[in-house]
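Beneath this line is the structure, given in structure tokens, with notes to follow.
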Amino acid sequence: MAEENEIEEKTESEDSLSVSEDDELDLDEMDEDEEPAEEEKEVGAYMVIGQGDFSMTQSNRGADDPGDNTLSEPQYVAKFGDMLFVSDRGNHRVVIWEQFPEENGEPCSLVLGQEDFADCLENRGMTTTLDEMTSGLGDEDLDGFTISKSEEDTLSQPAGLQVIDGKLYVVDSGNHRILRWSGIPTEDGEAPSLVLGQDNLDDNEANRRGFVGSGSLFFPMGIFSSDDQHIFVADKDNHRVLVWNKIPFSDGWNADVSLGQGGMDERWPNRGEFDNVGADTLSFPMGVHYDAETEKVFVVDQGNNRVLIWNKLPRETGVAADVVIGQKDFFSREPNSGKGYKRACQEGMYFPTDIVVGEMGMFVSDTGNNRVLYWKEVPTENGQLPDLVLGQTNFNDNKANRVVEGEATASTLDDPFGMFLIEEEEEDDAPRGIPMPDDDDDDEDTSLVATEGSEEIEEEEPQPKFKLFIADRGNSRVVVWDELPYPKEEEEEEEFEELRVDDENLLIGDDEDDFFDEDEEDEVPPGELPSA
């Protein structure tokens, strides 16, 4: 009996030991299961320019003066070769990276509009006095009003910029002009060689001393060309888009076509009837894009909370658009498709700013809703809904940086403005779904999954290779995205359904024994599960 008791005590102690070991294993497994949660990181930008990290939001990183690695309310972005250009509105300058930045907060190489990186005054601090004839509006109330005075190498609130035919163009919005350099600037503060919108590089009155015409500008914003020939400019406060059919050759070169107005001498929003919006009217246009291959023209009509699309390049002034996005028809103009400025939705917009289009689809910066909208394909019908939203978790949220202003992340936006899209060509030329030959003749393939006895090959549809630059103006930074935030919930549901539909007959079978392996050694009574 003593031996039996001793054996039982020993067995109990071994059992308790094994249980404690199992518990430790379970705890380890639980810890292992919890660790990968970090991998389910929200999709966002991979790099930030102008700030040290994604959490920083202060203008010029909180300093009184700017530097070579800071920004203040950047508005537009452009890239040419390895060079990056940013219009730094709050610092009245354009900053240039001669080599594309590879790390967060990397300093730039050159500055235009200022003598050095520490300066930030509008037109370098120079001023002049308006009178009735030079007010840009002919308003006697402005007589004696002091404004900033431009010179050939100064800037005021720079906006759109692009390299066209090897020459840098900068929209000098506050000086009501467009500047062109003879090539790519190589020195700080280098002066341009040509001006549009003014008679010379020293004038900066709105509409060329108050006379609206084919060569005048009033707070222009976006500029674009895709064929190094046609130049499109969003002439914001003249409520029109000007089109030059040929590269300008001298100062004040006149445009050929005006969109949004009936004539070159007209400038009122929606052609003078503010609420009478139509397919041929504009109100404060901000961004413009032209696809030379399809000849489609895209205009962001900010005051009417919409985007207009012309299916063919307009050859005459006042041509009506073919498609409208952000509104249900050409006659609607209210924010968020009539729901009001506080209620974002999938079908509406609130003060959109810029647009970029490529092979992968179309992006629109919906500035008032603090988000960027994405369409997989260029819309062909009025009111066509976007497929994805960047900067918010859904189509109904619109707060800056999601909840609390100032708490930014790689996935949030605050007053997103200009954009620039780069699409990278696929390195793999093989047809989708066909595995590339392997020199090792291994049966395993890390990217493709083949089903034995079946010709079907399952493969996740790869995302396009791209870089989307967003001037995140409210956060005083430029963020670069290279991945689209497709919802993860849908992917998980699809995977779950694929596992369940393996054998539908098994799920509805009447024989409970079918659930168990026929070769099971221990018979299990009906209605009971086998012991662990």
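Okay, residues lined up against (1) at pLDDT 50 or above; (2) out of contact with any Ser or Thr (no Cβ under 7 Å at 6 or more places or on another chain); (3) more than 19 Å from Lys467 (Cβ to Cβ); (4) of a type in the set (S, T, N, Q):
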| residue | (1), (2), (3), (4) |
| --- | --- |
| Glu35 | no, yes, yes, no |
| Glu40 | yes, yes, yes, no |
| Gly50 | yes, no, no, no |
| Arg61 | yes, no, yes, no |
| Asp65 | yes, yes, yes, no |
| Val77 | yes, yes, no, no |
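Please identify the pairs in which a residue from the stretch 72-86 that is at positive phi has its Cβ atom under 7 Å from the Cβ atom of a residue that is surrounded by fewer than 23 Cβ atoms within 10 Å (Cβ to Cβ), counting only partners at least 6 apart or on another chain.
Glu73/Ser59; Glu73/Gly90
Condition first: more than 16 Å from Leu390 (Cα to Cα) and at pLDDT below 95. Now tell me which residues in the stretch 465-497 satisfy that.
Lys465, Glu489, Glu490, Glu491, Glu492, Glu493, Glu494, Glu495, Phe496, Glu497
Report, by residue number, each residue of the stretch 302-324 that is β-branched (Val, Ile, Thr), out of contact with any Leu (no Cβ under 8 Å at 6 or more places or on another chain) and either crowded, with 24+ Cβ neighbours inside 10 Å or farther than 17 Å from Gly287 by Cα (or both). Quick ask: steps written out before the conclusion?
As a first pass, look at the stretch 302-324 and keep what is β-branched (Val, Ile, Thr): 307, 309, 317, 319, 323-324.
Applying the additional criterion that residues be out of contact with any Leu (no Cβ under 8 Å at 6 or more places or on another chain) yields 307, 309.
If the condition is that a residue be β-branched (Val, Ile, Thr), out of contact with any Leu (no Cβ under 8 Å at 6 or more places or on another chain) and either crowded, with 24+ Cβ neighbours inside 10 Å or farther than 17 Å from Gly287 by Cα (or both), then Val307 is the only one that fits.
Can you name the residue in the stretch 89-123 that is acidic (Asp, Glu) and part of a loop (DSSP other than H, G, I, E, B) and, of all such residues, is nearest to Ile164 (Cα to Cα)? Full working, then the answer.
Filtering the stretch 89-123 for residues acidic (Asp, Glu) gives 98, 102-103, 106, 115-116, 119, 122.
Pick out the ones that are also part of a loop (DSSP other than H, G, I, E, B) and you get 98, 102-103, 106, 115-116, 119.
Numbers: Glu98: 17, Glu102: 25, Glu103: 28, Glu106: 26, Glu115: 25, Asp116: 26, Asp119: 28 Å.
Looking at residues that are acidic (Asp, Glu) and part of a loop (DSSP other than H, G, I, E, B), I get Glu98.
So Pro185 ticks every box in (1) over 21 Å from Val163 (Cα atoms); (2) surrounded by 15 or more Cβ atoms within 10 Å (Cβ to Cβ); (3) of a type outside the set (D, E, K, R) but one. Which box is left unticked?
(1)
Kindly provide the set of residues from the stretch 267-304 that are aromatic (Phe, Trp, Tyr) and part of a loop (DSSP other than H, G, I, E, B), ordered by number.
We begin by selecting, within the stretch 267-304, every residue aromatic (Phe, Trp, Tyr); these are 268, 274, 284, 290, 298.
Matches in the stretch 267-304: Trp268, Phe274, Phe284.
Evaluate the following for Gly189: is it modelled with pLDDT of 95 or more and either of a type in the set (Lys, Arg) or closer than 20 Å to Ala321 by Cβ (or both)? Working first, answer last.
Values: modelled with pLDDT of 95 or more: yes; either of a type in the set (Lys, Arg) or closer than 20 Å to Ala321 by Cβ (or both): no.
It is false that Gly189 is modelled with pLDDT of 95 or more and either of a type in the set (Lys, Arg) or closer than 20 Å to Ala321 by Cβ (or both).
Determine whether the stretch 243-253 contains at least one residue that is more than 19 Å from Val307 (Cα to Cα) and among the polar types (S, T, N, Q). Full working, then the answer.
Just the residues of the stretch 243-253 that are more than 19 Å from Val307 (Cα to Cα), to begin with: 244-253.
Filter again for among the polar types (S, T, N, Q), leaving 245, 250.
Looking for residues that are more than 19 Å from Val307 (Cα to Cα) and among the polar types (S, T, N, Q), one finds at least one in the stretch 243-253, hence yes.
Given the residues Leu217, Leu259, Leu282, Leu194, which is the only one that is in contact with a Phe, Trp or Tyr (Cβ under 9 Å, 6 or more places away or on another chain), touching a residue at least 40 places away in the same chain (Cβ under 8 Å) and buried (at least 21 other Cβ atoms within 10 Å of the Cβ)?
Details: Leu217 fails: in contact with a Phe, Trp or Tyr (Cβ under 9 Å, 6 or more places away or on another chain); Leu282 fails: in contact with a Phe, Trp or Tyr (Cβ under 9 Å, 6 or more places away or on another chain); Leu194 fails: buried (at least 21 other Cβ atoms within 10 Å of the Cβ).
Answer to the selection: Leu259.
For the stretch 63-85, indicate whether the set of residues that are over 22 Å from Thr154 (Cβ atoms), buried (at least 20 other Cβ atoms within 10 Å of the Cβ) and touching a helix residue (DSSP H, G or I) at 6+ places or on another chain (Cβ under 7 Å) is non-empty.
No, the stretch 63-85 has no match at all.
Report yes if some residue within the stretch 220-239 is of a type in the set (Lys, Arg), in a loop (DSSP other than H, G, I, E, B) and at pLDDT 95 or above; otherwise report no. Before you say what the answer is, go through the steps one by one.
Of the residues in the stretch 220-239, the ones of a type in the set (Lys, Arg) are 236.
Within this subset, residues satisfying the condition of being in a loop (DSSP other than H, G, I, E, B) are none.
No, the conditions are met nowhere in the stretch 220-239.
The values are calculated or read from the model by the stated rules, or taken from the named source; none is laboratory data. None of the values given here were measured: they were computed from a predicted structure. FYI the Cβ positions are ideal-geometry reconstructions off the backbone, even for glycines, and counts take in every protein chain you see.
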